[in-house]
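The structure under discussion appears below in the form of structure tokens.
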Amino acid sequence: MPEVNEPNHFLRIVLWWLVVSVIGTALVVFVLGPGLPPGNGSVEASGQVTDNTVLLALSVPVAAAVLVYLTYALIVFREREPEVYVDGPPIRGNASIQLWWLVTTTVIVLFLAGYGSIRLLADGSGGGQGPNPIAAPAASSSDPPLQVQVIAQQWQFNYRFPGYGGVEVPDLELPANTLVEFHVTSLDVIHSFWAYQLGVKADANPGVDNVAYVTTKGPLSVNIRCAELCGVWHGYMFETAHVVSKADFATWIRAQETRFAPATKTLPPYSKTYFPPPERRGG
Amino acid sequence: MSTIAVPVARPPLWRRLVGFNLLAGIALGIIGYVIGQWIGGRFTGVNIAYYSKTAGQNDIAIMLGYFFGVVGFLIGMGFANYPIQRMLGYPPTLAEHEAEEEGVGRYFRLCTDHKVVAIQYLVGIGVFFFIGGLNAMLIRTELLQPNTHVFGANQYLTLVGMHGTMMMGMMTSGILGPFANWVVPPMIGARRMAFPRIESFTFWLLMAAGVVLITTIFFGGFQTGWTGYQPLGDQNTAGYDAYIGFFALVGVSMTLLGLNLAVTIISMRAPGMTWTRLPIFVWSVLATAALMFLAAPMLIAALLMGAMDRTIQTAFYVAGQGGSSYLFQNLFWVFGHPEVYIVALPGFGIVLELLPVFARKPLWGYRLAVSGMLGVGLLSFFVWQHHLFVSGINADLRPFYMLSTELISLPTGFTFLCFMGTLWRGRIRFTVPMLFCLAWAFNFLFGGISGVFLSDVPSDVTTHGSFFSMAHFHYTIMGGLVFTFFAAIYYWVPKMTGFNLSERLGKVHFWTMFLAFNSTFAPLFALGFMGMPRRVVTYNPSFQALNDWASVSAFILGISMLIFLYNVVWSLLIKREPAEANPWHSKSPEWQLATPVPVYDFERTPVFDPDPYPYGVEPVPVGRPVVAPAGGQA
Amino acid sequence: MSASGKRLAGIAVVAAIVCVAIALYIALYLTNVPGSASAVETSSGTNLYLATVASAATNDPHPTWVSYYAVDANDQNWRHATTYVLPANTLVHVTIFQFDSQTGLRNPFIGQATGTVGGTFTLNGKTMEAIDPDTASHVFAIPAIGLSVPLYGISSTAKNPCSNAPCPLSNDHSTITFTFRTPAKGLYRWQCFVPCAAGFIQGFGGPMQTVGYMDGFIKVV
């Protein structure tokens, strides 16, 4: 039985929670938010930043609820005379609290799942969608997406441009303000093409064409890293790509076509997947 | 089983050493390994022999060596005796060193006493936990500098793989092995498990598996990480065979452990121990056991196909030859996701079981807690594709798996609600076990929230395969399982061994571990968000400050484990202060046993108070005494 | 000895054994660090002499594996070394004696050299930009600086192939030379790109994944 002058614990906890949540959420949204990864290097990356901000903003009240309650309970409800073993009140449950908890958490979860799905289906969020992508950013008919095939092998990435004679290059440059359609595949084991600033990650599986979309913005440097353990040099499988102006890109790709003409002659015709020998044991 | 042990004259030392015990097991294991290698060497056909010669390894011979070695070990331990006896017509019996000699010898052979098996598990898993932890220290040493390499690139990847493999393989049974085996029978009113020999079998199989894993370094190690992705694993030198052997054996051990526990809980409850009266820890064990025997066989299947790819040159996982790398990923994660809930659920059970004792209140929301356990268990089978969000799976599937993964946070939330409710208006005592349970709440909160980030596909695009994912699972698995593992140790060791662990050293251990743990893994969230992938031996120099912070904290975390070890050695081996029968004044059944616990646990089957957590109320009077009263606590 | 004295002694013994075991365990991982070789400074510039062989030396832990060997500046002998120490921001002339047979490239693109001065290399005296991808035996590539040079394999009908390293120049071989500029100080990795690991799937296991055979480091000082 609560005594007459026992404080209203529940009210106090709620008030503390409100204070912490408001301050925390404001900090997260306005201070951390703009700087959240992966940055605004592409349209999809900006989408991820917004998504992360929403997630973080929702996490703060949830974490605050648990932490504020625990701090309060551990201070207020601690045993002050440990020598004597006195039990607490036999409270076994409270149906309405359980119901409210269930309803609130379900609403939060459904909201997050819905919001995430909407954002995902809008433009694919830069992730690899497999050979039959369902979420592509809107492309204009006059400006078709730039197709870039990312060929991952142990232990470097090469890039092939089907629209430019199937030329293959070791270093990637992309034009600004363009919708790029990556086709990521592997020649041997599972790798993962991670272009951090563009917010792109697509696993490279052998024999699979993994499509990822990104809409570049202005010129910038992009860190490309392999994000799936692929053998001894996985940690060293990184390079830098560049997003440059459209004019610079046009010049660059022409120069590459000339420079790598000898290699292009020996390449197999452009295809979504490759199975080069030896597939089984070498030697 | 009401035979009273009759003291026998102790046989001479040589007689005690000869027989079906660990020495015989090791001897027959080595002989078996040699036989297996020899058979494999003879088996290989012309083609395979050519490839073996140029590659310099014979995978068939190594696999057969491991297999025959383990079989030889098990025969030497005496596990074949009873089946052969029964096949020859002898009647069923259970007397295998159970009531014979007291003393250390029982711990080094097949013993059907569940208390002995539990302690064997505790020590055995503890040894491999420390080896895995040593690996972690070596990993963090390597990551102190991006461009100075302490270890070779292959050796570093083997360290990483061994750390993960050792921990996941061993600690999956980390709470079920030592604590469920010890505590569940008294909690349900049984004297033993349903299958005592299988109980001992699961332990020795796990030990054999651990030895197999350690031999990997002699064969070049494995560079695939604990997930063992194919076809990378196929390319590996012979060290990967040890990985396959380890996980296959662990899979068998897990399956049988789960089956044993489930059957025990279902069919060996004493009268009065109804489903609604079952302690919450037993419910969590039941849910975990079900996950174990349903998920582990899939791992065995996946690895068996990998072994066939490596030895007899099938192409299950080779894309160009009709196989698919997705097959392994999916099979592995169909096991792998329930696996992490196998690791998490016992933690939930432990904290909800211990909290009533240290808050002196009944568990709040018992039915909600049970549905939380069962809900997590059920949902865990429907979420595995979240490990494959950007791997090129059918894009239609992703919203579904995003939803199912986010939904699993609901039953997890029930556990948190019951945790918080039990604390409400309690009389909280900050003993060492309680501190570890409170740390669980803190750690799992951040682990769980970071899981929500990872389950959200747009966010996952950046964080998949990065250190963010590593921080998430260390917060949930280490922050969840390992902290509750220590809570269980500090809580139950006085009853299991009859000696107290030092409370003061325990608090030093706790605070060092808690602060160092958070200091080690919190920066990793940032590192992942900033773009550092997992399993890398080098990194962008701008990440060095955070890596160094994490490494130094990890070393302190290692020191906290040494403090724990010192506590164990000092309190249990040197000081040996006898424990009271019920130092925590718990009203749970296992504390009503006498200390030290007799071999047969209790004389008469107990009749249980219908209330599982009778705190704050008078216990319901029953017709006859519940059990032999222990230490004056009625 | 009293019971507690025996116990203390037992604990001390076990602790000592554990410490020794831990030291041994760590030592197991610290072994197998491959040797290093430095570039040779002559009046004509900085030179690096390498060889690629079909089988390592008979006393090597892996005598059946393909491997790189290097001539060390100090003793002018062939060493089984894969860490090459080079000065920073310098033009380095690399000569590779290639003793192994043709295997072919999984990605024919690598048949063209990149990152060398002029984008060319000489093969047995002739200056070229690329070789037929099916004739490659090995590749020397430093991906971080964009260097990649294919190494032509000896014919399968060669009369006098080398069996085990070290290989004298009297055995059949191709000689490839090229020049590249080293980057700033640091540690970079190099690798081969030909699937030359016989007996391993896709030819990329074993020696291709073990530092000391077909992979190594460039230490720029």
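Please treat every number below as a calculation from the coordinates, not as lab data. Small disclaimer: the values here were computed from a predicted structure and weren't measured. Positions of Cβ are backbone-derived with ideal geometry, glycine not excepted, and every protein chain shown enters the neighbour counts.
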Just tell me, in residue order, which DSSP H segments of chain A are both 15 angstrom or longer along the helix axis (alpha-carbon based) and at least -0.5 in mean Kyte-Doolittle hydropathy. A:9-26, A:43-76, A:95-123
Farthest toward positive dipole pole in chain B [+1 Lys/Arg, -1 Asp/Glu at C-beta], among B:GLY105, B:THR224, B:ASN147: B:GLY105
Can you count the Lys pairs in chain B with C-alpha separation below 19 Å, eight or more apart or on different chains? 5
Label point at C:LEU91 placed 7 Å out along Cα→Cβ; residues across region C:42-69 whose backbone nitrogen lies under 17 Å: C:42-48
For residues of A:50-63, the mean tally of beta carbons on other chains within 10 Å: 4
Per residue of C:112-121, other chain Cβ atoms within 10 Å number on average 2
DSSP beta bridges in the protein assembly as shown, what fraction antiparallel, as a percent rounded to 5? 70 percent
Just counting partner chain Cβ atoms within 10 Å, what average do the residues of peptide A:146-152 show around their Cβ? 0
Here, B:TRP14 and B:LEU327, labelled 7 Å along Cα→Cβ, have an inter-label distance in nm of 5.6 nm
Looking at region A:146-266, send over the antiparallel percent of its DSSP beta bridges, to the nearest 5. 70 percent
Could you tell me which residue out of B:MET292, A:GLY166, C:PHE97 lies farthest along the dipole of the protein assembly as shown toward its positive end? Charges go on the beta carbon: Lys and Arg +1, Asp and Glu -1, centred on the Cα centre. B:MET292
From the residues C:TRP65, B:LEU354, C:SER44, which one has its Cα farthest along the dipole of the protein assembly as shown in the positive direction, the dipole being from +1 and -1 charges on Cβ of Lys/Arg and Asp/Glu about the Cα centre? B:LEU354
Counting sequence-distant residues (5 or more places) and residues on other chains, those with an amide H built under 5 Å from that of A:GLN129 are A:VAL211, A:ALA212
Multiply the residue gap between A:THR50 and A:LYS246 by 0.36 nm, knock off their C-alpha separation, and tell me the result in nm, one decimal place. 67.8 nm
Gyration tensor verdict on chain B (Cα atoms; rounded if a/c is under 1.5, prolate if a/b is larger than b/c, oblate otherwise): oblate
Any idea what the relative contact order of chain B is, in percent, if you count C-alpha pairs under 8 Å spaced at least 6 apart? 13 percent
Compute the acute angle (0 to 90°) between the alpha-carbon long axis of helix C:3-30 and the principal axis of greatest extent of the alpha-carbon atoms of chain C; round to the nearest 10°. 0 degrees
Provide the net charge surrounding A:PRO175, with neighbours chosen by a C-beta distance below 9 Å and charges set as Lys +1, Arg +1, Asp -1, Glu -1. -1
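Just to confirm a number: summing +1 for Lys and Arg and -1 for Asp and Glu over residues other than A:THR264 whose beta-carbon lies under 11 angstrom from that of A:THR264, what do you get?
Surrounding charge for A:THR264 is +1.
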Taking the Cα centre of region C:115-221 as origin, sum charge times position over the Cβ atoms of Lys and Arg (+1) and Asp and Glu (-1), and report the length of that vector in debye to the nearest 20. 380 debye
Across C:HIS93, C:HIS62, C:HIS138, the residue with the highest GNM fluctuation in chain C (Cα network, 10 Å cutoff) is C:HIS62
Pop the C-beta distance of B:GLU503 and B:ILE574 into the FRET formula with R0 = 25 Å and round what comes out to the nearest 0.05. 0.95
Might you report the magnitude of the Cβ-based charge dipole of the protein assembly as shown about its Cα centre, with Lys and Arg at +1 and Asp and Glu at -1, to the nearest 20 debye? 1800 debye
Modelling each spin label as a point 7 Å along the Cα-to-Cβ direction, I'd like the B:PHE108/B:SER267 distance in nm, to one decimal. 3.6 nm
Name every cysteine in the protein assembly as shown that ends up alone, with no second cysteine's Cβ under 4.7 Å, or say none. A:CYS226, A:CYS230, B:CYS111, B:CYS418, B:CYS437, C:CYS19, C:CYS192, C:CYS196
Compare the peptides B:426-436, B:535-545 by average per-residue count of other Cβ atoms within 10 angstrom and give them in order, highest first. B:426-436, B:535-545
With +1 on each Lys and Arg Cβ and -1 on each Asp and Glu Cβ, and nothing else charged, work out how big the dipole of chain B is about its Cα centre, in Debye to the nearest 20. 920 debye
Listed peptides A:82-88, B:588-594 by packing density, highest first (mean Cβ within 10 Å): B:588-594, A:82-88
Which residues among region B:493-528 fall inside the zone where the amide N is under 17 Å from a point 7 Å beyond the Cα of C:SER4, along Cα→Cβ? B:499-502
Under 8 Å for C-alpha pairs, at least 6 residues apart: give me the relative contact order for region B:474-578, rounded to a whole percent. 40 percent
18 Å cut-off, amide nitrogen to a point 7 angstrom out along C:LYS126 Cα→Cβ, residues in region C:145-166: C:150-158
Suppose each label sits 7 Å from its Cα in the direction of the beta carbon; what would the B:LEU515-B:ALA27 distance come out to in nanometres? 5.3 nm
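At a Förster radius of 60 Å, what calculated FRET efficiency corresponds to the Cβ-Cβ distance of B:ASP611 and C:VAL18, to the nearest 0.05?
FRET efficiency, B:ASP611 to C:VAL18: 0.80.
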If packing is taken as the average number of other Cβ atoms within 10 Å across a peptide's residues, how do A:268-275, A:43-50, B:238-245 rank, most packed first? B:238-245, A:43-50, A:268-275
Rounded to the nearest 0.05, what FRET efficiency is calculated for B:TYR90 and B:GLU603 with R0 set to 22 Å and r the Cβ-Cβ distance? 0.15
Rel. contact order, % - alpha carbon contacts under 8 angstrom, at least six apart, region C:35-220: 26 percent
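Using 0.36 nm per residue of separation minus the Cα-Cα distance, give me the extension gain between B:ASN540 and B:THR148 in nm, one decimal.
Contour length minus the Cα-Cα distance gives 139.8 nm.
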Run through region B:100-183 and list the GluC sites (Glu not before Pro) located in a DSSP loop whose Cβ has at most 11 other Cβ atoms within 10 Å. B:GLU102
